[in-house]
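Each remark here refers to the structure printed beneath this line.
The values are calculated or read from the model by the stated rules, or taken from the named source; none is laboratory data. None of the values given here were measured: they were computed from a predicted structure. Positions of Cβ are backbone-derived with ideal geometry, glycine not excepted, and every protein chain shown enters the neighbour counts. Heavy atoms of the whole protein, side chains included, go into the accessibility calculation; ligands, DNA and RNA do not. Shrake-Rupley method; radii C 1.70, N 1.55, O 1.52, S 1.80 Å.
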Amino acid sequence: MILDAVPNQVVAGDTWRWTVSLANYPASSWAVAYYFQNAEKSFSANASASGLSHAVSIDAATTAAYPAGRYKW
């Protein structure tokens with residue numbers, strides 16, 4: 001399932017996918033990156049253009065290495 005916002009909760013080892021539409025920042029002209037951080041780990045996710053929306057996908061093999069915990073983004 002592809003969500004329409006950054007999810008509130010995700011599971012390490014699953015593929016994470018979401019899209020976001022930002023009316024003032026269309027994907028045809030702007031780039032979006034998300035930064036996640038907690039006490040143990042930080043990582044980023046770059047969005048790609050999907051029409052006018054920004055699409056993020058982080059594969060299961062990558063998320064499997066993320067430690068459990070609460071992250072700020």
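Some observations on this one:
- Selection count where residues are under 20 Å from residue 61 (Cβ atoms) and among the small types (Gly, Ala, Ser), scope region 1-32: 2
- Residue match in region 5-12 (condition: under 15 Å from the mean Cα position of the chain (by Cα) and assigned to a strand (DSSP E or B)): no
- Residues satisfying the stated conditions in region 51-72, i.e. open to solvent by 70 Å² or more (accessible area, probe 1.4 Å), farther than 15 Å from residue 12 by Cβ and either under 10 Å from the mean Cα position of the chain (by Cα) or of a type in the set (Asp, Glu) (or both): 57
- Looking only at region 38-47, and only at residues there that are touching a residue at least 12 places away in the same chain (Cβ under 8 Å) and part of a strand (DSSP E or B), the one that is surrounded by the most Cβ atoms within 10 Å (Cβ to Cβ): 45
- The combined condition, being free of Cβ contacts under 8 Å to residues at least 60 places away in the same chain, in a loop (DSSP other than H, G, I, E, B) and not aliphatic (A, V, I, L, M), is fulfilled by residue 25.
- Among the residues of region 48-68, just one is in contact with an Asp or Glu (Cβ under 7 Å, 6 or more places away or on another chain) and part of a loop (DSSP other than H, G, I, E, B), namely 67.
Results for (1) touching a residue at least 24 places away in the same chain (Cβ under 8 Å); (2) open to solvent by less than 60 Å² (accessible area, probe 1.4 Å), shown as yes or no for each residue.
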site	(1), (2)
12	yes, yes
18	yes, yes
33	no, yes
49	no, no
